[in-house]
1. Work out how much length residue 44 to residue 23 would gain on full extension: take 0.36 nm times their residue separation and subtract the Cα-Cα distance, in nm to one decimal.
2. Nothing charged except the Cβ atoms of Lys and Arg (+1) and of Asp and Glu (-1): what's the magnitude of the dipole of the chain about its Cα centre? Round to the nearest 20 debye.
3. Counting other Cβ atoms within 10 Å of each Cβ, which trypsin sites (Lys or Arg not before Pro) in the chain have at most 11 and sit in a DSSP loop?
4. Which one, 49, 3, 37, projects farthest toward the positive side of the charge dipole computed for the chain from Cβ point charges (K/R +1, D/E -1)?
5. In whole Hz, with x marking every Gly and Pro, tabulate ³J(HN,Hα) for the range 8-24 from phi via Karplus 6.51 cos²θ - 1.76 cosθ + 1.60, θ = phi - 60°.
6. What is the ratio of the Cα radius of gyration of the chain to 2.2 N^0.38 Å, with N the residue count, to two decimals?
Amino acid sequence: MRLDLELSEQEEQPVMYIRTRTALSGLPKVIGNSYGAIINYLTEIGEQPADAPKVI
C-alpha cells in the first residue's frame, strides 16, 4: 500500500480547544461533548467554525 503525502503552507488561524483525558473507550463521548460545547459557544458569540474539527 502506497501513501501519497503532500505538505502545504497554511496561514495561521485561531484555535479553540478543550483539553481533557479519557480511556480509549470514552473517546466517542468526550469528542462529541467537547465538539458540542465548542459549537454552542461559537453560536453564542455569532461565529462559525473556520475548518473541520481536529482531534490531537
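No value in this document is a laboratory result; all are computed from the given coordinates. Remember, it's a predicted structure, so these values are computed and weren't measured experimentally. Don't worry about glycine lacking a Cβ; one is built from the backbone with ideal geometry, like all the others, and counts go over all protein chains shown.
1. 4.5 nm
2. Value, rounded to 20: 560 debye.
3. Sparse-neighbourhood loop trypsin sites (Lys or Arg not before Pro): 2, 19, 21, 54.
4. 37
5. Per residue, the Karplus-derived 3J(HN,Hα) values read 9, 7, 10, 6, 4, 8, x, 10, 10, 9, 10, 9, 7, 10, 7, 6, 3 Hz.
6. 1.46
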